[in-house]
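Report on the structure given below.
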Amino acid sequence: MQKYAFVDRDGTIVWEPAPDQSDPRLTYTLKNPDDLKFMDGAIEGLKTLVENGYKLVLATNQTHLGTPSYPRELFDEAMKLMHHELDKHGIHFEFEMVCPHGPDDGCDCRKPRIGGLKEFLATHDVDFANSLMFGDRATDGEFAKNLGVRFVHIETNKRFELPKDI
């Protein structure tokens with residue numbers, strides 16, 4: 001069995017822009033890929049997780065990805081920059097769960113639902129008792145509960161901190 005660290009992206013390991021709207025269920029996306037910035041402690045924390053035997057899985061909601069308000073090209077460029085920086089430190093994600101739907105679309109892949117991990121869970125022997133979910137929103141905590149892993153709350157756009165027992 002393998003322990004995993006499931007990691008939210010925006011507001012957890014990379015900076016999330018301030019909201020343009022008042023709906024707290026929405027995520028707020030970068031308007032320019034060059035604005036991608038890792039949170040303090042994120043690269044070091046991810047590296048420490050890997051050094052301690054965790055494999056990494058990205059789990060991110062990207063509301064309305066592929067629409068005129070959030071073009072796929074913008075997301076892909078930001079992800080390319082993120083991967084490039086992580087690669088410099090020997091960090092990679094074993095799997096990436098990206099939900100492109102809005103909060104009212106009723107999909108099963110949007111956190112807190114775990115349907116986006118269906119394929120991954122069917123092909124990997126996850127040590128749920130020793131795995132973690134890092135995130136900044138209540139939905140990340142609910143996702144952790146639905147997945148059956150421990151939740152580590154990261155304050156939005158603040159330092160990425162590992163639990164003391166890692």
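Only residues of segment 95-127 count here: report those whose backbone N is under 15 Å from the spot 7 Å along Cα→Cβ of Met1, or say none.
124-127
Would you compute, from DSSP H runs of 4+ residues alone, the mean residue ellipticity of the chain at 222 nm, taking -39500 (n - 2.57) per run and dividing by the full residue count, rounded to the nearest 500?
Working: 4 runs with 43 residues, N = 166.
It comes out at -8000 deg cm²/dmol, rounded to the nearest 500.
Please work out how much accessible surface Phe160 shows to a 1.4 Å probe, ignoring ligands, DNA and RNA, in Å² rounded to 10.
Approximately 10 Å² of Phe160 is accessible to the 1.4 Å probe.
Suppose accessible area is computed on protein heavy atoms with a 1.4 Å probe; arrange Val149, Val98 from highest to lowest. Mind dumping the intermediate values first?
On the way: Val149 15, Val98 45 Å².
The most accessible residue leads, giving Val98, Val149.
Rounded, prolate or oblate: which fits segment 76-166, taking a ≥ b ≥ c as square roots of the Cα gyration tensor eigenvalues, rounded meaning a/c under 1.5, else prolate when a/b beats b/c? Display every interim value, and only then the final one.
Numbers: a/c = 1.28, a/b = 1.10, b/c = 1.16.
Rounded shape, in that the Cα axes give a/c under 1.5.
Running a GNM on the chain with Cα contacts under 10 Å, which residue among Val57, Val152, Val126 ends up with the highest mean-square fluctuation?
Val126
At 1.4 Å probe size, with no ligands or nucleic acids counted, give the accessible surface of Phe95 in Å², nearest ten.
40
Please calculate the 1.4 Å probe accessible area of His153, with all protein chains present, and give it to the nearest 10 Å².
110
Once Lys and Arg get +1 and Asp and Glu get -1 on their Cβ, which of Tyr70, His89, Phe143 lies farthest toward the positive end of the dipole of the chain?
Phe143
Check each of the trypsin sites (Lys or Arg not before Pro) in segment 91-166 and keep only those in coil by DSSP with at most 14 other C-beta atoms within 10 angstrom; list them in order. The partial results should precede the final answer.
Working: sites: Arg110, Arg113, Lys118, Arg137, Lys145, Arg150, Lys158, Arg159, Lys164; in loops: Arg110, Arg113, Arg137, Lys158, Arg159, Lys164.
Those satisfying the criteria are Lys158, Arg159, Lys164.
Give the carbon-plus-sulfur fraction of the accessible surface of the chain in %, rounded to a whole number; probe 1.4 Å, heavy atoms of protein chains only.
Details: 4100 of 8410 Å².
Exposed carbon and sulfur together represent 49 percent of the surface.
Which of the cysteines in the chain are isolated, no other cysteine C-beta under 4.7 Å?
Cysteines lacking a close Cβ partner in the chain: Cys107.
With respect to the cross-link table entries Lys3/Lys145; Lys47/Lys164; Lys37/Lys118; Lys47/Lys118, which display a Cα-Cα separation exceeding 18 Å? Could the numbers behind the result be given before it?
Details: Lys3/Lys145 16 Å; Lys47/Lys164 15 Å; Lys37/Lys118 30 Å; Lys47/Lys118 26 Å.
Lys37/Lys118; Lys47/Lys118, as the Cα separations exceed 18 Å there.
Using the crude model of +1 on Lys and Arg Cβ and -1 on Asp and Glu Cβ, and no other charge, please compute the dipole size for the chain relative to its Cα centre, in debye to 20. Write down the numbers at each step before the final one.
Values: 20 positive and 29 negative charges, 66 e Å.
I would put it at about 320 debye.
How much accessible area per residue does the chain have, in Å², with a 1.4 Å probe? Mind dumping the intermediate values first?
Values: 8410 Å² over 166 residues.
Accessible area per residue, the chain: 51 Å².
The values are calculated or read from the model by the stated rules, or taken from the named source; none is laboratory data. If you're wondering where the values come from, they're calculated on a predicted model, not measured in any experiment. A quick note on method: Cβ atoms are made from the backbone with ideal geometry, for glycine too, and the neighbour counts reach across all protein chains shown. What goes into the accessible areas is simple: the full protein's heavy atoms, side chains included, and nothing from ligands, DNA or RNA. Shrake-Rupley method; radii C 1.70, N 1.55, O 1.52, S 1.80 Å.
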